[in-house]
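S.K.: Below you'll find the structure I mean.
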């Protein structure tokens, strides 16, 4: 049961944000005078993207708020023998199935999300404890018998490691019998096309469906994650004037390569199977957007309840 009233949530959130701001300034550039040190700091800062860092900060914020709600006098900065248990408790709360009172997904969906969520949470909390304990070892967690204090990072403790191994084995065991997730097949793309382009659909559903169909088709053709495709911009599409047989799609940074333009795909027209033809898909998208949508910024846009394409609101991954 939460020990903090609901009406105190705003002040609690402000407290957590202030706490994180004070402790997460891990690259104080104004204190670096040596050129080599500046370069090293630049490389260190580049080791984590802004998007990943923002995600970690959200997880840290939820971690602190979760324990403050359970125990109002809980302090997130000190570490002791209970800290690894605090970490495991939070991961369990966020990853456990809703049927058992946790905040995760249904049991049928846990296979997909359970372990990846736990890994992300552990990485975020490692960043947190590294920030508040910058001089500690990054690879151990032990009790100093001389000072009777815990050294290292609690996310590296045996307890947390065994907890993560247990989650991974649960995922692997469930995956042996799970059929809840699979790769898209040609028949799936055909059905998606046929459903999203139905003339009897309400205008808003048809417009939104066409945008999603094009996004999933590109992901399927280029073997990309759907979030990589949804993040495409108009500037990533290179259509040579007068060329009717192919179109180039360039992809910026990816999870596996974050240093710049990684690769480009040349997608050719497919007259044998129009439902998976990328050129026809782009023509369908262009006819939906019309002349009122500015051809810059996010390529995939949201649709209002009235069927209007909203230029300022990019499509979000569901």
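Just so you know, all these numbers are worked out from the coordinates, no wet-lab data involved. Remember, predicted model here, so these are calculated numbers, not experimental data. Reconstructed Cβ throughout: ideal geometry from the backbone, glycine too, with neighbour counts over all protein chains shown.
S.K.: Could you check the simple spin-label distance between residue 149 and residue 292, using points 7 Å along Cα→Cβ, in nm with one decimal?
M.R.: 6.4
S.K.: Follow-up question, since we're still on this one. Quick one: grab Rg to one decimal and Dmax as a whole number for the range 186-314, Cα atoms only, in Å.
M.R.: My reading of the Cα-based Rg and Dmax gives 14.5, 46 Å.
S.K.: Which of 268, 193, 62 has the fewest other C-beta atoms within 10 Å, and how do the rest follow up to the most?
M.R.: 268, 62, 193
S.K.: Moving to a separate point now. Between residue 80 and residue 58, what FRET efficiency follows from the Cβ-Cβ distance if R0 is 41 Å, with the result rounded to 0.05?
M.R.: 0.95
S.K.: If each of residue 227 and residue 100 carries a label point 7 Å out from its Cα toward its Cβ, how far apart are those two points in nm?
M.R.: 2.5
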